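One structure is given below, encoded as C-alpha cells.
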Amino acid sequence: MQGKEKWAALSYEILRLFCERWPWLNYNPVVTALMNAFREDWNKWKVKTTLENVDKQIEDIHRRWDEIEKAEQAPIITEEPPDGSMAQDLLGGEIRIRAPWAEE
C-alpha cells in the first residue's frame, strides 16, 4: 500500500474505534462521509494483513508437521552386548537399526 492508502486505512480504523466508543458518532454526516471515503482503502489493508497472518500460521503449522514427521521417522538403533566370541569381543555386540513403524 502506498502512503495515502495507509493513512486512509488508519483514519478509517480510528473513526471505527471512535464510533464503537461513542455510538452517536455513527449518525454524524461528516463521520459517515469520511468512513465511506476511506472504507475501500481500509478493506484492502485489512485483507492484506489478514492474509499475511494466515500465511504465517500456515508456515508455523508446516514447521510443526515437519518436526513431528522427522521425530516419527527417526530410526531405532539397538546394540546387543557381546556374546563372548573373539570377533564380538574385538568389534562389540550386534547392532540393529529398524524403522519406528516396523514391528519387532
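No lab work stands behind these numbers, since they all come straight from the coordinates. The structure presented is a predicted model; accordingly, all values stated were derived computationally and were not measured. Counting neighbours? That spans all protein chains shown, and the Cβs are built from the backbone with ideal geometry, glycine included.
If we scan the range 50-57, do we find a residue that is free of Cβ contacts under 8 Å to residues at least 12 places away in the same chain and within 14 Å of residue 13 (Cα to Cα)? No, that holds for no residue. Taking the listed residues 50, 78, the one that is assigned to a helix (DSSP H, G or I) and of a type outside the set (Gly, Ala, Ser) is 50, with no other qualifying. Of 63, 98, 39, all but one fail to be free of Cβ contacts under 8 Å to residues at least 40 places away in the same chain, of a type in the set (Lys, Arg) and surrounded by 13 or more Cβ atoms within 10 Å (Cβ to Cβ); the exception is 39.
Residue 31 meets each of the listed conditions (1) farther than 30 Å from residue 7 by Cβ; (2) surrounded by 13 or more Cβ atoms within 10 Å (Cβ to Cβ) apart from (1).
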